[in-house]
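The values are calculated or read from the model by the stated rules, or taken from the named source; none is laboratory data. The model shown is predicted, which means the values in this text are computed figures rather than measured ones. Glycine also receives a Cβ, built like all others from the backbone with ideal geometry; neighbour counts cover every protein chain displayed. Protein only, heavy atoms only, side chains kept; ligands, DNA and RNA dropped before computing areas. Shrake-Rupley method; radii C 1.70, N 1.55, O 1.52, S 1.80 Å.
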Amino acid sequence: MDKLVEILQKQLEFHKKEYKLACDRFDAIEKNDIKKLNKTILEERELTKNIENLENQRLELFEDKKHIKLIDYINDLADEEIKKKLLNIRTELKSIIEDIVQKNNDCKNIIEISNEMLEKVLKELSGKKEIGYNKYKKKENVSSNNLLNTKI
C-alpha cells in the first residue's frame, strides 16, 4: 500500500513538472523562441520516460488484477485513512492532467493560427487568389501580379 502511495505521489510530482514544461512550450511558441522550444521538448521527452517507468511500476502492483481501475481499488479499501489519501492524490492527478491537456490544446491552437496566417501571407506574396469553383466543383486559383514580381 505504501508503495502505491509513493508511486502516485511521484507521478503527481512528474505531472506538475510536465505542466510547467507545457506552459514553457506555449510561451516559446507564442514568442517564436525556437531555442527554448527545442530545449523544452527535450526535457518533456525525458520526463515522459520517467512517467512511463512509474506507470509500469504502478501496473506491476496490480498484476493479478489487470483490469481493475484505481478508483475501484480505492473504493474497496477498508482503511479510511489510506483511502482518503489515495482519493486526494487521484483527484490532484486528474486535475493536473486535465490542465496539461488544456495547455497542449492551447499550443495546438496557436500553431494552427500561426500556420493560417503564414499561408495567407504567402498567398498574397505569390499573387494566388481564390476565384471560385471550376466545373469540377473545386476551388480554382489564379496567379496575378504578385508582390515578389512587382518592380519597385
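Note on the stretch 97-111: residues that are surrounded by fewer than 16 Cβ atoms within 10 Å (Cβ to Cβ), at pLDDT 95 or above and of a type in the set (A, V, I, L, M) amount to 2.
Total residues in the stretch 112-128 satisfying the condition of being surrounded by 12 or more Cβ atoms within 10 Å (Cβ to Cβ) and assigned to a helix (DSSP H, G or I): the figure is 5. Inspect the stretch 34-44 for any residue being under 15 Å from the mean Cα position of the chain (by Cα) and closer than 15 Å to I96 by Cα and give the result as yes or no. No, the stretch 34-44 contains no residue that is under 15 Å from the mean Cα position of the chain (by Cα) and closer than 15 Å to I96 by Cα.
Would you point out the residue of the stretch 1-52, among those that are of a type in the set (S, T, Y) and touching a helix residue (DSSP H, G or I) at 6+ places or on another chain (Cβ under 6 Å), that is most open to solvent (accessible area, probe 1.4 Å)? It would help to see each step written out before you state the result.
Applying the first criterion (of a type in the set (S, T, Y)) to the stretch 1-52 yields 19, 40, 48.
In the following step, the residues that additionally are touching a helix residue (DSSP H, G or I) at 6+ places or on another chain (Cβ under 6 Å) were identified as 19, 40.
Numbers: Y19: 68, T40: 7 Å².
Among them, the one singled out is Y19.
Scanning the stretch 68-98 for residues that are hydrophobic (A, V, I, L, M, F, W, C), out of contact with any Lys or Arg (no Cβ under 9 Å at 6 or more places or on another chain) and either within 17 Å of I7 (Cβ to Cβ) or touching a residue at least 24 places away in the same chain (Cβ under 8 Å) (or both) gives I68, I82, L86, L87, I89, L93, I97. Yes or no: the stretch 8-16 includes at least one residue that is aromatic (F, W, Y) and modelled with pLDDT of 95 or more. So far as the stretch 8-16 goes, yes, one or more of its residues are aromatic (F, W, Y) and modelled with pLDDT of 95 or more. Taken as a whole, the structure leaves I68 outside the set of residues that are assigned to a helix (DSSP H, G or I) and β-branched (V, I, T).
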